[in-house]
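Single-structure report; data block below.
Nothing in this text is a laboratory measurement; each read-out follows from the coordinates by a stated rule. The structure displayed is predicted, hence computed values, not measured ones. Quick reminder, even Gly has a Cβ in these numbers, built from the backbone with ideal geometry, and neighbours come from all protein chains shown.
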Amino acid sequence: MTTLWTSTAALSLAGLVLAGGPALAGEVLDRIQETGTLTVSTDPAYPPQSSQTPDGSFEGFDIDVATELASRMGADIAFVTPAWEIITAGNWGGRWDVSVGSMTPTAARAEILDFPAIYYYTPASFAVHADSAAESVDDLNGLVIGTCGGCTYEFYLNGNLEIDAQDVPAFEYLVEPGEVRTYETDTNAFDDLRIGDGDRLDAVISALPTIQAAIDAGYPLRVVGEPVFYEPLSVAIDKGDAELAAEVARIIQEMRDDGTLSELSEKWYGVDISTVQ
Amino acid sequence: MSVSDDAAPSPLAGARPFWQTGLGRRLILFAALAAVAFVIDFSASDISRLVMPIVGFGDGTEASIFDRVFLALLIGGFLTLNILAVRLLPFVAQVLVVWAELLLVFLAFFYSFDLDFPYIVERLPILIFTGAFTTLYVSLVSIALASVLAMAGALARLSKSGPAYAVATFYISFFRGTPLLLQVYIIYLGLPQLGLTLDPVPSGIIALTLCYGAYMAEIFRAGIQSIPRGQTEAGLSLGLSRPLIMRKIVLPQAIKVIIPPTGNQFIAMLKDSSLISILGVWELMFLARTQGRAEFKHFEMLITAALIYWAISFVFELIQARIERHYGKSDLGR
């Protein structure tokens, strides 16, 4: 039935690009080698991982890792900027080849995408307004906490974070929020927190480097306590291309072994978070 | 009170209650404006810090009830005098002066956010030459294609053919009945399941075209139906064919009815095209968001984008007025 439908569609849409279903083995890797271009999706909403410069190019840790990945594959790099939910919807259909987008390999996402290589571990921390009285994460119980919707921080607040990867550092659910407010991205929660302590939010949870970037940009925020968990962040590819997965895994391991990842981490975060803390 | 009272004062005019007299109405206007100013509370605001030292009541930084009442009366009085003064001018001058005043207040409001202007200036080129250009390009292509689709939809909707009517009403119902954002997702994520993988810009243009085609089909239908049936019957009795009647008699008149709401749709599409930013198309809204997030300066970029959208819409409002005047030539007597 599927075959019939596909061939009917192929006939009626002759001349158009055909790329339905999961990627075939080696297909994406072949295409990269053939075109000499690695197309990477990035979400430029997250300095210092990825952000856009005034001339339209990109910069950040993810951008540098992706650029190095491309160069070791012998390909040029090109970036596309689909929204997060478009990337995590899977079935990329060859629109881009890999996502170097600080994605946590959760169990649910692993059903849709493949995660060939973890390239760093980011600490997740709580932050409060500078005027807040909170001294430790225990003081955050029962408060209104903001974060991104559908992301690992929301899963953590709701106590259902399942990370599907080896070497995941153990963690505990330390905070019982009074209310969880979710936003399109966690930086939107920062904007609500900056208005004032408790005006809209009492606290936010986000990646420590992102919080630090906001503080550096003049946001009146303060990090509370130690990071509550470390999440492994992985390169993601469309399901089903084992050859590409092996190649990506090999190159990331090589970059870890020769110190490139540590060096880039130092450059963007001031610390080496390329290995388990 | 009725219009005739103004036109020809009756002998009872002197007996009008005070609040219906000129002075009474002005006092009511003053009281209303002062009340609004009191509710907003301008004490300890920028205006207070500017005004209070001049009139000699402290430095204006204190939020006292005296300051609040005083400023409310002052602002109410100022606005009332302003309105009365403006009304002495000819109509066109009244409009221009009030526009200029509102624009000034609007800009002062934005200015009070303490924006980082060098940040805006540095990013203006990409917002205009990439962002606004893409927005315009996508909108123009979409509205052109949507017009064709809408005409087909309207004719099918009016036809006596059952299948044509069914297809048209099904299409119009679905695309008017679901959010455009959802249509953008379905077209971008759904078509690849059928083996058709389109790039973001074509996907976005298809979504905008289908959605606006559905709305505009109804506009076109209403325009065509506004032409009395008698004209078609007259054409038929002269032996003209139906397509010829549609093309030479009905449509030229229907255009006049169709133009204003179509211009309206285009201006709405300029802004709705921001929904395709989720596909990663670098239109104005996408760039405003990503550029603002780079250094946590969201407001700078959002306000800039708002002004650019507004400026483009304004230009199209003027163009629309001109087109309407062109097609409205037969109504000059009105």
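So the values come out like this:
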read-out: Per-residue ³J(HN,Hα) for segment B:93-101, Karplus 6.51 cos²θ - 1.76 cosθ + 1.60, θ = phi - 60°, Hz, x for Gly and Pro; value: 5, 4, 4, 4, 5, 5, 4, 4, 5
read-out: Estimated FRET transfer efficiency when R0 is 30 angstrom, pair residue B:28-residue B:103 (beta carbons, to 0.05); value: 0.65
read-out: Using alpha-carbon coordinates, inclination of helix B:46-55 to the longest axis of chain B, degrees; value: 30
read-out: Calculated [θ] (222 nm, deg cm²/dmol) that DSSP helices of n ≥ 4 give over chain B, each run adding -39,500 (n - 2.57); value: -23500 deg cm²/dmol
read-out: Highest-MSF residue in chain B out of B:260, B:163, B:17 [GNM, Cα springs under 10 Å]; value: B:17
read-out: With 20 Å bins from 0: P(r) over chain B, alpha-carbon pairs, percent; value: 21, 39, 33, 7, 0
read-out: Nearest 10 degrees, 0 to 90: helix A:242-257 Cα axis against chain A principal axis; value: 50
read-out: Centre separation in Å (Cα based) which lies between segment A:34-82 and segment B:59-110; value: 51
read-out: Test item: Cα-centred dipole of the protein assembly as shown, Lys/Arg +1 and Asp/Glu -1 on Cβ, debye; value: 5080
read-out: Segment B:11-111 - Debye-derived log10 I(q)/I(0), Cα point model, q = 0.10, 0.23 Å⁻¹; value: -0.38, -1.19
read-out: Whole-Hz ³J(HN,Hα) from phi, Karplus 6.51 cos²θ - 1.76 cosθ + 1.60, for segment B:212-225, glycine and proline x; value: 6, x, 5, 5, 6, 4, 5, 5, 5, 4, 4, x, 5, 6
read-out: Under Karplus coefficients 6.51, -1.76 and 1.60, residue-wise ³J(HN,Hα) of segment B:195-206 in Hz, glycine/proline x; value: x, 10, 9, 9, 6, x, 5, x, 4, x, 5, 4
read-out: Taking the convex hull of Cα positions in chain A, its mean projected area over all directions (nm²); value: 16.4
read-out: Long-range HN-HN contacts of residue A:224 with modeled amide H, under 5 Å; value: A:126, A:127, A:128
read-out: Rg(Cα)/(2.2 N^0.38 Å) for the protein assembly as shown, N = residue count; value: 1.23
read-out: Percent of beta bridges antiparallel (DSSP, segment A:122-231, rounded to nearest 5); value: 65
read-out: Two-site FRET efficiency, residue B:159 against residue B:310, from Cβ-Cβ distance with R₀ of 45 Å, rounded to 0.05; value: 0.65
read-out: 5 angstrom amide H check on residue A:91, placed H, neighbours 5+ away; value: A:239
read-out: Per-residue average of Cβ from other chains inside 10 Å of A:49-56; value: 6
read-out: Efficiency of FRET from Cβ geometry, residue B:327 and residue B:121, R₀ 60 Å, rounded to 0.05; value: 0.90
read-out: For chain A, built as a Gaussian network whose Cα springs stay under 10 Å, the top-fluctuating residue of A:39, A:260, A:210; value: A:260
read-out: Neighbouring partner chain Cβ atoms per residue of A:79-90, average, 10 Å criterion; value: 4
read-out: Helical contribution to [θ] at 222 nm, DSSP H n ≥ 4, -39,500 (n - 2.57), averaged over chain A, rounded to 500; value: -9500 deg cm²/dmol
read-out: Alpha carbon Rg of segment A:122-231, scaled by the compact-globule rule 2.2 N^0.38 Å; value: 0.97
read-out: Theoretical gain in end-to-end length, residue B:176 to residue B:16 [0.36 nm per residue, Cα-Cα removed]; value: 52.3 nm
read-out: Isolated Cys residues of the protein assembly as shown, judged by Cβ distance under 4.7 Å to other cysteines; value: B:211
read-out: Net charge dipole size for segment A:138-253 [Lys, Arg +1 and Asp, Glu -1 on Cβ; Debye, nearest 20]; value: 220
read-out: Qualifying aspartates and glutamates (Cα of each under 18 Å from Cα of residue B:256; at least 8 residues distant if same chain); value: B:218, B:317, B:324, B:331
